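FYI, it's all coordinate maths here, none of it is from the lab. As the structure is a computational prediction, the values presented were derived from the model and not from experiment. Here the Cβ positions follow ideal geometry from the backbone for every residue, glycine too, while neighbour counts run over all protein chains shown.
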Amino acid sequence: MTNRLKQLLFIGVFIELLLFAILLLSSDTLPDAFRLTARYTGRISFGLYVVMFYHFINEKFSGQALEKTYTWGMLFCVLHLIHFGFLSASVYSNELPIIPHKLIGGAVAYLAIVSYPFYMKRIKRLGIHLAYFYYVGIVMGVTFLARIRGEFEGAPESPFHYFGIATLAVLFIYSFKVFLNKNNPEK
């Protein structure tokens, strides 16, 4: 583990714990603090996913080792696990209903997020990498859509959800164009 990764992990964990402390002090109840912390740590995770995917596209296209992708992937992995803790605490303390198909889809995404950084450098096939990025992105996009449609108790829609869907669309199109052009250089 590089010094840079250690520094980023320290800063990221510190920010998420500080966020929880601030929200705990400013919220009326502990369940509200968990709900808000889960919301904002999820947004941090989304930002890390975007940065990681962007570095993957550029490093893979240029034939470089996936060093930046690994660094941001490990950061995404650790901070998303912390987000999962806050999300679980929010679901439990707010007595939110659990929907089985959403639980399964999310569990597969979490498993991918946690395992991918440890295997990414050994994966040779582009399609496997893209399956990871597209699946995790689609799960995030479906979550944004569900929030827009009001399917989450205590989580009103916000402009961030539209921004997230637009960002995912741009990333997916950009990656598709980059890798399609790489495979068809005459275009």
In nm, what is the difference between 0.36 nm times the number of residues separating ALA65 and TYR135 and their Cα-Cα distance? 22.9 nm
Separation of the TYR54 and VAL114 label points, Cα + 7 Å toward Cβ, nm: 2.9
Under 15 Å Cα-Cα from LYS182, which aspartates and glutamates qualify once same-chain neighbours fewer than 8 residues away are excluded? GLU59
Förster-model FRET efficiency, 22 Å R0, VAL178 and ARG122, C-beta, rounded to 0.05: 0.50
Could you order peptides 86-93, 51-58 by the average number of other Cβ atoms within 10 Å of their residues, highest first? 51-58, 86-93
Would you kindly calculate the translational diffusion coefficient of the chain, applying Stokes-Einstein with the Kirkwood radius from alpha carbon pairs, for 37 °C and a viscosity of 0.692 mPa s, and quote it in µm² s⁻¹ without decimals? 187
Given Cα pairs under 8 Å that are at least 6 residues apart, what percent is the relative contact order of the chain? 21
Show which aspartates and glutamates lie in cross-link reach of LYS6 when reach means a straight Cα distance below 16 angstrom and same-chain residues fewer than eight apart are skipped. GLU16, GLU67
Taking the Cβ of each residue in LEU111, LEU75 as the centre, tally the other Cβ atoms inside 10 Å and list the residues starting with the fewest. LEU111, LEU75
Please order HIS129, HIS101 by the number of other Cβ within 10 Å, starting at the fewest. HIS101, HIS129
Please give, to one decimal in nm, the separation of the simple spin-label points placed at SER27 and ILE165, each 7 Å out from Cα toward the Cβ. 2.7
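To the nearest whole percent, what portion of all C-alpha pairs in segment 133-187 is separated by more than 17 angstrom? Display every interim value, and only then the final one.
Numbers: 689 of 1485 pairs.
Cα-Cα pairs of segment 133-187 separated by over 17 Å account for 46 percent.
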